[in-house]
Amino acid sequence: MPSLTLLAQAVVSGVLAGGIYGLLGLGLSLSWGLLRLVNLAHFALALLGAYLTYQLGSAFHVAPWLSALAIVPAFFVLGVGFHAVFTYFRVTELTSLLVTFGVAVILESVIQWFWTADYRRYETAYATASMRVGPVFVPTLEMLACLTAAVLALATWAWLRFTYVGKALRASAEDPAMAAAFGVNHRAQAFLLSGVSAAYAGIAGAFIALISTLAPSQIWAWLGVVFAVVIIGGLGNPIGALLAGLLIGVSESVTMAVVTPAWAPLVSFSVLILILIARPGRV
Amino acid sequence: MAPGRRVAVGLLAAGLGFGALATVGIPAFYESFLYMIFSWIALATSWSILSGYAGYFSFGHGAFFGAGMYTTATLTTALGLPFLATLPIAGLLAAALGLGIGAVVFRVKRLRGELFGLLTLAVGFVLATIVLNTRIDGGPGVYLSAVPLPRVLASPTGTLYLLGLALALATVGTAYAVAHSRLGLGLYAIHDDEDVAELKGVPTLSYKLIAFALSAGIAGVAGGIHAMYVSYVTVGETFSITVPLYVVLMSVLGGARHWLGPAVGATMIAASLYAFTGGQQALLGRALVAFILILIVLLLPEGVVPAVLARWRAWRPRSMEVSEPPAALPARAAPAAVLTCEHVWRAFGGIQALRGVSLAVAPGEILGLVGPNGSGKTTLINVISGYYTADRGRVTLGGEALTERTAHEIARLGVGRTYQIPRPFAHFTALDNVALAATFGPGRCPPRQARDEARAWLDFTGLGRRATALPHELNLHERKFLELARALAGAPRVILLDEVLSGLNPAEIASAVRLIQQIRARGVAVLFVEHLMRAVLELSDRVVVLNEGEVIAAGSPHEAMRSERVIEVYLGTTHVA
């Protein structure tokens, strides 16, 4: 039986790791739930954002938050552009998976072309900074990422819940024809949403650059876990994505501490399988 | 030459040709290049048997492939079994795994396609974790370099080449055979509309399980051979995302619904991947393949093979199908029987849709079932046909209880139905729509005879000239009559008509009424749900009136409609005087 301190540390690390899952899951959940597009390229976009932050920071000494100011709007435009292609070709839920897989592979190749397959690490003065709460260490950057995920999830929830655009988007996801009959311009709002979703990938990318070691193949490493997060949280549900991220993060990290690190994936996917079988109506 | 024999000869010729190539002795590089293509053909084609035909996209094909790899790796190294003997075991184990997953997953109600895909994806990750953490692998990987390889040819690569070739041809042959069998017909119907397929007599659960086991089993054998080919098996390589994603891409590229599509797609992608090897070039190659994939998915969503075939047919129009003389309607297949409902109850959450409904329909009788919207008419049809189960009460046909049976069993016992909004199988021609019902319905015809019977029913409903049209080319009236023909195919003993007349114009209604009278004349029991009172009064021998799930009146049409409760329900209390 591990000590209480170890367990507390595991829970804290899990929450922080879960924040990143939630941050990545947020954009995916929005486009899947509200636009019915499964965007595998989301992970590639986040990683591209991370590499750009890394490049601007280590080669030109641009502060990460400054580069985010440039990357996030650029990604918004990119997201709108992708969506223009999807609408032009009437991409469906299933074909979106294939097309965005292709986009992800191309982005992976682009990243590998410029930065090679070697591991990259963005060294900053504050990379290792952490706070101490009792016996538990809380790395500052990861906490910041987790807080950002929480703020974005809440803001997105409020946006969907209370604004006209949000309500229109949810109505269109339920029944596009009926929403259109009530005057909802689904096309315009869909562009906005895909832009926002891509912008979230940019934000996630900035934090990934600061927190983790970068390699092009990381695109595929997140795939399984974040998909689990998005489904457990409920498609198109920002708060759900965050909470599911935390749930998976904590369960993984506690498994790592209590059993062995290698068994961790079993937990998240068993949770996913159980939820899918017990409550298939969620998705 | 019959198409089936032509395919068999083609596969045999390919086998002999490529087999001869190996005996001549081609450079080992080409042998392993071709082996990789054969392996991908087997994987992609086996994937399409469930996922292409029935439309359940699996992202777990890597799990079955990996199960096969580790079966062979473990059995040859730990137990010292001969390599060839492990291949059938690898296949059976993978098939059992597929069957197990299917038995759990396919019982989930309302399982949508994407959910199935993600569940199978998760299974792959779980399996990888288990293998990695147990003695099956434990981390360092398994070496097979010391395992003896039977020498069919001089070189070991030659042997693996031949095994790969044999598996690829056998898989494509299997895919062809399945596509042209009763199983394949059922799987295609499941793809288009699973509920309707079940109600037309397709045993959907067992068909999905058979297809899943077959698909997984072939992937397992492919994995067993591949373990020997790579001779060093690791969890990271085996269970990577490559296999599940590439089989999907290859199949979709070639055309997942066509038996040859995945093989063509696999050859295209595997060959182009192999063409770019090493360093920056491989990187460019991968990006190029991805780009081509995007283009093809966007421009040819049905896949390369179907697109090419469509071009070919358009370029070389076949002689117009000669209209055959109308075939005789099949003689009654089963003895006439009475349909009874005894105190049938059914609730949805807190809403009691049916409260103890009892009625009986005799052979050669039309029973009109009327009532306001929401009175439970369609629910009753859904309970009789087995789409819903009754909470309480009994439904019998000729004394046999239907209540505990599945929908496809009820269809086979002789219950046909129509849908208020027609639900034809979208990728089936009008003829094939009806032929499917004849194949799986009470008559259980072999496919060829089913098409003859289907033609007769199309003529009967006046759709004879639209036999080769796809449902989206038919207008509402034709689709309604297609529903009718499909319900009649296989000669059911009872037919449930759910608002067949709604949305038709007076002339079309008149011809539908004549059809229904002819159906009655054949001794079929007809349960006729309709809002159009004129038709109900004209057609029905007896009428049952439902309101809020209860029978409020029954008897001859005029008697029942004049009952006070009925007038009250339809017109309100003030008019009852």
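The values are calculated or read from the model by the stated rules, or taken from the named source; none is laboratory data. Since we're looking at a predicted model, the values are computed, not measured. As a convention, Cβ positions derive from the backbone with ideal geometry for all residues, glycine included, and neighbour counts pool all protein chains shown.
Taking the range A:120-160 on its own, how many of its residues are in contact with a strand residue (DSSP E or B) (Cβ under 8 Å, 6 or more places away or on another chain), of a type in the set (A, V, I, L, M, F, W, C) and assigned to a helix (DSSP H, G or I)?
Here the count works out to 1.
Specify which of the listed residues (B:I421, B:I410) is outside the structural domain of B:A54 (by TED's automatic domain parsing), among the hydrophobic types (A, V, I, L, M, F, W, C) and outside any helix (DSSP H, G or I).
Residue meeting the stated conditions: B:I421.
If you scan the range A:106-139, which residues turn out to be of a type outside the set (D, E, K, R) and under 18 Å from A:A8 (Cβ atoms)?
A:S130, A:M131, A:V133, A:G134, A:P135, A:V136, A:F137, A:V138, A:P139
To keep it simple, each residue is scored yes or no on (1) under 16 Å from the mean Cα position of the chain (by Cα); (2) more than 14 Å from chain B (Cβ to nearest Cβ); (3) surrounded by fewer than 24 Cβ atoms within 10 Å (Cβ to Cβ); (4) not polar (S, T, N, Q).
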residue: A:L30; (1), (2), (3), (4): yes, yes, no, yes
residue: A:G49; (1), (2), (3), (4): yes, yes, no, yes
residue: A:T53; (1), (2), (3), (4): no, yes, no, no
residue: A:A59; (1), (2), (3), (4): no, yes, yes, yes
residue: A:A74; (1), (2), (3), (4): no, yes, yes, yes
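Looking only at the range A:97-111, decide whether some residue is facing chain B (nearest Cβ under 9 Å) and charged (D, E, K, R).
Yes: one or more hits.
Among the candidates A:I239, A:I208, A:I231, single out the residue that is within 29 Å of A:W115 (Cβ to Cβ), touching a residue at least 12 places away in the same chain (Cβ under 8 Å) and either of a type outside the set (G, A, S) or assigned to a helix (DSSP H, G or I) (or both).
None of the others qualify; the one that does is A:I208.
Looking at the range A:84-119 only, could you name the residues that are of a type in the set (F, W, Y), free of Cβ contacts under 8 Å to residues at least 40 places away in the same chain and not in a helix (DSSP H, G or I)?
Step one: of the range A:84-119, the residues of a type in the set (F, W, Y) are A:86, A:88-89, A:101, A:113-115, A:119.
With free of Cβ contacts under 8 Å to residues at least 40 places away in the same chain added as a condition, the list becomes A:88-89, A:113.
Listed by number, the list holds a single entry, A:F89.
What tally of residues in the range B:142-171 results from selecting those that are touching a residue at least 12 places away in the same chain (Cβ under 8 Å) and either within 14 Å of another protein chain (Cβ to nearest Cβ) or of a type in the set (K, R) (or both)?
Residues meeting the conditions: 0.
Would you confirm whether or not the range A:6-24 contains a residue that is away from every other protein chain (no Cβ under 14 Å), aliphatic (A, V, I, L, M) and under 30 Å from A:A168 (Cβ atoms)?
Taking every residue of the range A:6-24 in turn, at least one turns out to be away from every other protein chain (no Cβ under 14 Å), aliphatic (A, V, I, L, M) and under 30 Å from A:A168 (Cβ atoms).
For the range A:229-245, what are the residues that are of a type in the set (A, V, I, L, M, F, W, C), more than 14 Å from chain B (Cβ to nearest Cβ) and over 13 Å from A:L24 (Cβ atoms)?
Result: A:I239, A:L243.
Is at least one residue of the range B:380-394 among the small types (G, A, S), surrounded by fewer than 19 Cβ atoms within 10 Å (Cβ to Cβ) and in contact (Cβ under 8 Å) with a residue 24 or more places away in the chain? Can you show your working first?
The initial filter retains those residues of the range B:380-394 that are among the small types (G, A, S), namely B:385-386, B:390, B:393.
Going one step further and asking which of them are surrounded by fewer than 19 Cβ atoms within 10 Å (Cβ to Cβ), we end up with B:393.
Imposing the further condition that a residue be in contact (Cβ under 8 Å) with a residue 24 or more places away in the chain reduces the set to B:393.
Looking for residues that are among the small types (G, A, S), surrounded by fewer than 19 Cβ atoms within 10 Å (Cβ to Cβ) and in contact (Cβ under 8 Å) with a residue 24 or more places away in the chain, one finds at least one in the range B:380-394, hence yes.
Going by the conditions given, is A:A44 crowded, with 23+ Cβ neighbours inside 10 Å and at pLDDT 90 or above?
Yes; evaluated as a whole, the condition is true for this residue.
Which residue, of A:V226, A:V254, is more than 9 Å from chain B (Cβ to nearest Cβ), touching a helix residue (DSSP H, G or I) at 6+ places or on another chain (Cβ under 6 Å) and surrounded by fewer than 20 Cβ atoms within 10 Å (Cβ to Cβ)?
Numbers: A:V226 fails: surrounded by fewer than 20 Cβ atoms within 10 Å (Cβ to Cβ).
Among A:V226, A:V254, only A:V254 is more than 9 Å from chain B (Cβ to nearest Cβ), touching a helix residue (DSSP H, G or I) at 6+ places or on another chain (Cβ under 6 Å) and surrounded by fewer than 20 Cβ atoms within 10 Å (Cβ to Cβ).
Quick check on this structure: which one of B:L329, B:L295 is in a helix (DSSP H, G or I) and either within 32 Å of the chain's Cα centre (by Cα) or modelled with pLDDT of 85 or more (or both)?
On the way: B:L329 fails: in a helix (DSSP H, G or I).
Step by step, each of B:L329, B:L295 is checked, and only B:L295 is in a helix (DSSP H, G or I) and either within 32 Å of the chain's Cα centre (by Cα) or modelled with pLDDT of 85 or more (or both).
For the range B:225-245, enumerate the residues that are under 11 Å from B:S39 (Cβ atoms) and out of contact with any His (no Cβ under 9 Å at 6 or more places or on another chain).
Of everything in the range B:225-245, those that are under 11 Å from B:S39 (Cβ atoms) and out of contact with any His (no Cβ under 9 Å at 6 or more places or on another chain) turn out to be B:I225, B:H226, B:Y229, B:V230.
Tell me, please, whether a residue that is in contact (Cβ under 8 Å) with a residue 60 or more places away in the chain, farther than 30 Å from A:N39 by Cβ and more than 10 Å from every other protein chain (Cβ to nearest Cβ) can be found in the range B:102-122.
Checked against the condition, which is being in contact (Cβ under 8 Å) with a residue 60 or more places away in the chain, farther than 30 Å from A:N39 by Cβ and more than 10 Å from every other protein chain (Cβ to nearest Cβ), the range B:102-122 yields at least one hit.
Every residue in the range B:424-443 that is touching a Phe, Trp or Tyr at 6+ places or on another chain (Cβ under 8 Å) and part of a loop (DSSP other than H, G, I, E, B), please.
Scanning the range B:424-443 gives B:F425, B:H427, B:F428.
In the range B:254-267, which residue that is over 9 Å from B:A44 (Cβ atoms) and not small (G, A, S) is surrounded by the fewest Cβ atoms within 10 Å (Cβ to Cβ)?
Taking the candidates together, the pick is B:T267.
Filter the range B:422-459 for residues that are over 19 Å from the mean Cα position of the chain (by Cα) and either closer than 21 Å to B:G503 by Cβ or aliphatic (A, V, I, L, M) (or both) and give the result.
Once the filter is applied, which keeps residues that are over 19 Å from the mean Cα position of the chain (by Cα) and either closer than 21 Å to B:G503 by Cβ or aliphatic (A, V, I, L, M) (or both), the range B:422-459 yields B:A454, B:A456, B:L458.
Out of the residues in the range B:492-524 that are small (G, A, S) and part of a helix (DSSP H, G or I), which is nearest to B:P363 (Cα to Cα)?
Restricting to residues being small (G, A, S) and part of a helix (DSSP H, G or I), the top hit is B:A521.
Within the range B:250-260, can one find any residue that is part of a helix (DSSP H, G or I), under 24 Å from A:V110 (Cβ atoms), in contact with a helix residue (DSSP H, G or I) (Cβ under 8 Å, 6 or more places away or on another chain) and small (G, A, S)? Spell out the reasoning first.
Let us first name the residues in the range B:250-260 that are part of a helix (DSSP H, G or I), namely B:250-254.
Still in the list and also under 24 Å from A:V110 (Cβ atoms): B:250, B:252-253.
Restricting the remaining residues to those that are in contact with a helix residue (DSSP H, G or I) (Cβ under 8 Å, 6 or more places away or on another chain) gives B:250, B:252-253.
Add one more test, that the residue is small (G, A, S), and what stays is none.
Looking through the range B:250-260, none of the residues is part of a helix (DSSP H, G or I), under 24 Å from A:V110 (Cβ atoms), in contact with a helix residue (DSSP H, G or I) (Cβ under 8 Å, 6 or more places away or on another chain) and small (G, A, S).
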